[in-house]
1. Counting only residues that are among the acidic types (Asp, Glu) and in contact with a helix residue (DSSP H, G or I) (Cβ under 9 Å, 6 or more places away or on another chain), which one in segment 159-184 is surrounded by the fewest Cβ atoms within 10 Å (Cβ to Cβ)?
2. Any idea which of Thr99, Thr114, Thr46, Thr83 is among the hydroxyl-bearing types (Ser, Thr, Tyr) and within 20 Å of the chain's Cα centre (by Cα)?
3. For segment 208-224, give me each residue that is open to solvent by 50 Å² or more (accessible area, probe 1.4 Å) and in contact (Cβ under 8 Å) with a residue 24 or more places away in the chain.
4. Looking at segment 41-60, I want the residues that are aliphatic (A, V, I, L, M) and have a partner that is in a loop (DSSP other than H, G, I, E, B) with Cβ atoms under 7 Å, at least 6 apart or on another chain. Which pairs are those?
5. Looking only at helices (runs of 4 or more DSSP H) that fall completely inside segment 1-84, which ones have 2 or more residues that are crowded, with 18+ Cβ neighbours inside 10 Å, hydroxyl-bearing (Ser, Thr, Tyr) and modelled with pLDDT of 95 or more?
6. Residues being farther than 17 Å from Phe43 by Cβ and either more than 18 Å from the chain's Cα centre (by Cα) or in a helix (DSSP H, G or I) (or both): count how many of those fall in segment 279-296.
7. Name every residue in segment 125-180 that is among the β-branched types (Val, Ile, Thr) and touching a residue at least 24 places away in the same chain (Cβ under 8 Å), in order of residue number.
Amino acid sequence: MTDSSEDAPPTTQNFIIPKKEIHTVPDMGKWKRSQAYADYIGFILTLNEGVKGKKLSFEYKVSEAIEKLVALLNTLDRWIDETPPVDQPSRFGNKAYRTWYAKLDQEAENLVATVVPTNLAAAVPEVAVYLKESVGNSTRIDYGTGHEAAFAAFLCCLCKIGVLRVDDQIAIVFKVFNRYLEVMRKLQKTYRMEPAGSQGVWGLDDFQFLPFIWGSSQLIDHPYLEPRHFVDEKAVNENHKDYMFLECILFITEMKTGPFAEHSNQLWNISAVPSWSKVNQGLIRMYKAECLEKFPVIQHFKFGSLLPIHPVMSSC
């Protein structure tokens, strides 16, 4: 089906290995004006709209490409089981993570090739870079929103080459991204990964951001769950399987001790916002300011032919 897709670009496109382009703080202007930024934020907002008001249990189409992406993530999950943490003096940053990562580094292109049809094989090395960037840093054994952004970029690239389609939108978030989150949480727990560039109690969350955006969109116009309910243990326990936002809250409460208002101050403040649409809008603004416009995050972002650094082309 994908092979004959009309929206897939011709294989004559020159794919390139993505590389870093943002080397100094003044380079940030290049990023904000780039085609990559416009396409990335457009992708995030399109998915935000797609999942609005829908539960995770909502019936949606699951294409072959979606199934293959889930299988890819299941492989990463299996490799965690095959690579148990090692005994070491330091509690954090278990070095077995490096063994796990080396396997992904070696196999990434083969994994991506299982998702991409053969007529688009030339795109595999470019797209695979984003997958490798999306699981944390093997030197520092840390994980943060920049890695999460690389996974969103990976999915965005698959859309740009026509592997994922418009009618895959809901499945991209509910099936693929949700599975990615499960695997990342398992990585974080198993290897005691450090949060990358964490703002501590002043950040939204140590590791993730996108599931709070998409998760708050899911809850827009909910008949009875309001933002104030996510700090209520009973409401979270009863509804987390349906809503990404509540699943994130549950994970935080499992990982952290003490009063919620102390360990997750930003989220506590958000619980006072009157509506989910206000929460959603606020989180999008915060994501741009705290992640996409922060040099320490964006300096690691890589640009290629699919997410190019060149300024936005005017569509006239």
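1. This residue is Glu182.
2. Of the residues listed, the single one that is among the hydroxyl-bearing types (Ser, Thr, Tyr) and within 20 Å of the chain's Cα centre (by Cα) is Thr46.
3. Here is the first cut: in segment 208-224, the residues open to solvent by 50 Å² or more (accessible area, probe 1.4 Å) are 221, 223-224.
The one that is open to solvent by 50 Å² or more (accessible area, probe 1.4 Å) and in contact (Cβ under 8 Å) with a residue 24 or more places away in the chain: Asp221.
4. Sorted first by the residue in segment 41-60, then by its partner, the pairs are Leu56/Lys241; Leu56/Asp242; Leu56/Tyr243.
5. Fully inside segment 1-84 and qualifying: 35-50.
6. Selection size over segment 279-296: 9.
7. Filtering segment 125-180 down to residues among the β-branched types (Val, Ile, Thr) leaves 127, 129, 135, 139, 141, 145, 161, 163, 166, 170, 172-173, 176.
Across segment 125-180, the qualifying residues are Val127, Val129, Val135, Ile141, Thr145, Ile161, Val163, Ile170, Ile172, Val173, Val176.
The values are calculated or read from the model by the stated rules, or taken from the named source; none is laboratory data. Just so you know, these numbers come straight off a predicted model, no measurement behind them. Every residue, glycine among them, receives a Cβ derived from its backbone with ideal geometry; neighbour counts consider all protein chains shown. With ligands, DNA and RNA removed, areas are computed over all heavy atoms of the protein, side chains included. Shrake-Rupley method; radii C 1.70, N 1.55, O 1.52, S 1.80 Å.
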